[in-house]
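Please read the structure below before turning to the comments.
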Amino acid sequence: MRSTRKLVRVLATAASLAVALAACSSQGGAQSQPSQGGGGGAAQGKRYTIAMVTHEQAGDTFWDKIRAGAQDAAKSLNVDLKYSNNENAPEQATLVQNAIDSKVDGLAVTLANGDAVIPVAKKAADAGIPVVVFNQGFDQYKQAGAKMYFGSDEDLAGQSIGKRITADSGGKALCVIQAQGSVALETRCAGVKKTFANTENLYVNGADKPAEQASIGAKLQQDKAITHVVTLGAGDALAALNAKTDAGSSTKVVTFDLNPDAAKAIKDGKIGFSVDQQPYVQGYMAVTALWLNLTNGNDMGGGKPVLTGPSFVDSTNIDQILPYTASNKR
Amino acid sequence: MSAPVATQPPRAPQEPPRATRSLTARVLTRPEIGAVAAAIAIFIFFFAVAAPFRTLPAFSTVLYASSTIGIVAVGVALLMIGGEFDLSSGVSVVTSALTAAMVSFQLSLNVWVGVLVSLIVALAIGFLNGYLVVRTGIPSFLITLSTFFMLRGINLGVTKAVTGTVATPNVSELDGFSAAKAVFASDINLGFINIKITVLWWILFVAIATWLLLRTRVGNWIFASGGNSASARAVGVPVHKVKIGLFMGVAFLAWFYGMHLLFNFSSVQSGLGIGNEFIYIIAAVVGGALLTGGYGSAIGAAVGAFIFGMTTQGIVFAGFDPNWFYTFLGAMLLLAVLVNLYVKQYALTRK
């Protein structure tokens, strides 16, 4: 009796193992993803603690790249990276204060709402903590006591898109703003309008992709004059592509920023081009520049902001860039 | 359908022997005792795991983060004891700040004019909330949800229409700014610790609310209105006035915190404040207020805000992975609510 039960158990285990093995997919899924390669060997010497405080709204692919860059830099430079974020400016300011209280060696901060964060970032600089501003704060980083800035100029990026649309002999552009009330997003669309005057803004709820798709689709059906849709994020470009199909429209979709799906759509010719501000570089350089400053007293940019964009991604260079999007670097 | 029956407990033949209850018994039956126990447990936890948490500047930052929640949470707790909700409290903070900034900047006035105008606007919003709730009898959840959406739209729409951007202009150049900053957003040096003035205001508001609840007739009215408004009205409590007053109290404290936002940061983004209304409610509930009304305390709401501030900052001081931030926060709140429950049960069953 007992041995029968044991046999049944062994057979059941073997059967479930066999099922599990057979269930393995021969392609796709996590197995085909490249392993995350860190930077080079760890640097020797003192281990510095660097705080990075951003206005990230948790769970955004764009910010994931900034963090990937920062983490890779921290790993190769033997830096203890303390990352924290809050999308609301007052809370972000408190997080910077938190970093000062923790007596970090360096501070990398974004200035999405300068008025709130500058005074406390200045406090860090006055306390002798080297400060680097990245991603946002192009006009204001010096007020925060920061020596360096790594990021793009949103206005310039918008203008470069407007120029491309003009060169493409566009008729009317629709600039899709996925979050109401963000200064950076407004600046991008304003930049587009500067070099391509017939631009209209459309506000959608980017947190709800089906609703966003429906809003863009409705607009495309209502206004047949639109020749170009400009989206401000890679995920939004995909929503715009779906909306375009739904509406049976022949407009061209162009976008800011990249993700693997958007890169694939550029390769397939569905998205015209992308203006990439290279978030990985922003995170990587913010940490590296602080480390160089702490170890050698270096600074970069010659007192001017260091621009990580706009960098155009289109059919001419997508083959080179496509593999990097999968490893979270573009 | 049977008519609602208001049952009165049988009258005791003589006064209950209150004086004979021991100090421990009295302390253990307070609404906030569970929250205090939870706060101590969480404090010990972060004190043990996060080295930077042990310093005085860090404690000051924790107190500041707590005060930014606690100021409005005091009003929200009183309102919940009175049996109502206010979902518009988070955005009305920003409405007040935006009003003050735009009125004083666009008309080039002394900032104190903006401060006063925004106070009137805030109190009007509070009055409207309260008036609609008591006149229509519609649950406050729905009325204030509508106000929440309207204010959210107004905040963005009016700011964009008036200033052309989504944030207010910087008001720090206007007359009266430094005086207003001193009142609403200065640093106070206590010799051994540098704290934000909001912490002192917070303590003051909690003290006033506690005195109001426990030592005045209005306090009894608030408990009665929230416990059973029909019988409260039957014994002569002006339930409508009490509730409107409570909504205006929340509006006043939201205005106060709005002024802090404005004068601390000199300008305000119109999209702020959304979601904070739940944090205020959570602080009140963690502090022992019942969702059904009639029970709770102002000190409890303060302790609830302290737990929230301590946890949000403690997670960062401890250097936990921010991806898991809300998981830690949720676990800490669950811990707080559970400790709260067990301490209360212990207090009720002990002889």
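For the reader, a short list of remarks on this structure follows.
- Region A:296-330 and region A:69-85 have their alpha-carbon centroids 18 Å apart.
- Average projected area [Cα convex hull, region A:154-276], square nanometres: 6.4
- Residue exposure sequence - A:Y203, A:Y141 - by fewest surrounding Cβ within 10 Å: A:Y203, A:Y141
- The amide H of A:N201, built 1.01 Å from its N in the peptide plane, has A:C175 as neighbours under 5 Å, considering only residues 5 or more places off or on other chains.
- Greater than 23 Å apart at Cα, pairs in A:K82/A:K103; A:K65/A:K244; A:K304/B:K181: A:K65/A:K244; A:K304/B:K181
- Note on chain B: with a GNM built from Cα contacts shorter than 10 Å, the maximum mean-square fluctuation among B:L291, B:L23, B:L262 falls on B:L23.
- Listed by Cβ neighbour count within 10 Å, with the fewest neighbours leading, A:L95, B:L334, B:L145, B:L63 appear as B:L334, B:L145, B:L63, A:L95.
- Dipole in debye (nearest 20) - the protein assembly as shown, about Cα centre, beta carbon charges: Lys, Arg +1; Asp, Glu -1: 2140
- The coefficient of translational diffusion for region B:145-190, derived via Stokes-Einstein from the alpha carbon Kirkwood radius under 10 °C and 1.306 mPa s, stands at 121 µm²/s.
- Shape of region A:255-327, Cα gyration tensor, a/c cut at 1.5: prolate
- With both residues required to sit in chain A, DSSP beta bridges show an antiparallel share near 10%.
- B:S172-B:L338 pseudo-label distance in nm [points 7 Å out on the Cα-to-Cβ vector]: 4.6
- J(HN,Hα) series, region A:63-75, from Karplus relation 6.51 cos²θ - 1.76 cosθ + 1.60, nearest Hz, glycine and proline x: 6, 4, 6, 4, 5, 4, x, 5, 5, 5, 5, 4, 5
- Debye log10 I(q)/I(0) at q = 0.08, 0.15, 0.16 Å⁻¹ for region B:34-349, Cα point scatterers: -0.37, -1.23, -1.35
- Kirkwood-based Rg to Rh ratio, the protein assembly as shown, C-alpha trace: 1.02
- Amide N of region B:213-230 lying under 17 Å from the label point, which is placed 7 angstrom from the Cα of B:T292 along Cα→Cβ: B:223-230
- Mean per-residue shielding of peptide A:79-85 is 4, counting Cβ atoms of other chains within 10 Å of each Cβ.
- Residue with peak Gaussian network fluctuation, chain B [Cα springs, cutoff 10 Å], from B:V286, B:V121, B:V76: B:V121
- Simple Cβ-charge dipole of chain A, Lys/Arg +1 and Asp/Glu -1, about Cα centre, in debye nearest 20: 1080
- Taking each residue as 0.36 nm, the span from B:L116 to B:T29 lengthens on full extension beyond its C-alpha to C-alpha distance by 27.2 nm.
- The dipole here belongs to region B:34-349: it is taken about the Cα centre, uses +1 on the Cβ of Lys and Arg and -1 on the Cβ of Asp and Glu, and is about 620 debye.
- When the C-alpha to C-alpha distance is required to be over 20 Å, the pairs from A:K142/B:K160; A:K163/A:K193; A:K219/A:K264; A:K75/A:K142; A:K163/A:K267; A:K46/A:K122 that qualify are A:K142/B:K160; A:K219/A:K264; A:K75/A:K142; A:K163/A:K267; A:K46/A:K122.
- Rounded to the nearest whole Hz, the Karplus-based 3J(HN,Hα) values (6.51 cos²θ - 1.76 cosθ + 1.60, θ = phi - 60°) of region B:100-117 follow the sequence 4, 5, 6, 4, 6, 6, 5, 9, 6, 10, 4, 4, 5, 5, x, 4, 5, 4, with x at glycine and proline.
- Cβ-based exposure ranking for B:F85, B:F192, in which fewest neighbours within 10 Å come first: B:F192, B:F85
- Net length available on complete extension from A:D168 to A:A218 is 15.6 nm, with 0.36 nm assigned per residue and the Cα-Cα distance removed.
- Fraction of antiparallel bridges per DSSP, the protein assembly as shown only, in percent to nearest 5: 15
- GNM result for chain B, Cα springs below 10 Å: residue of B:A37, B:A301, B:A122 fluctuating most strongly: B:A37
- Backbone phi angles across region A:321-328, fed through the Karplus curve with coefficients 6.51, -1.76 and 1.60 (θ = phi - 60°), yield HN-Hα couplings of 7, 3, x, 6, 5, 6, 9, 6 Hz in residue order; Gly and Pro are listed as x.
- Centroid-to-centroid separation of region A:148-219 and region B:105-155 [C-alpha atoms, Å]: 33
All of the numbers you see were taken from the coordinates with simple rules; none came from a lab. The shown structure was predicted, so the numbers you read here are calculated from the model rather than taken from an experiment. Using ideal geometry, Cβ is built from the backbone for each residue, glycine included, and neighbour counts are taken over all protein chains shown.
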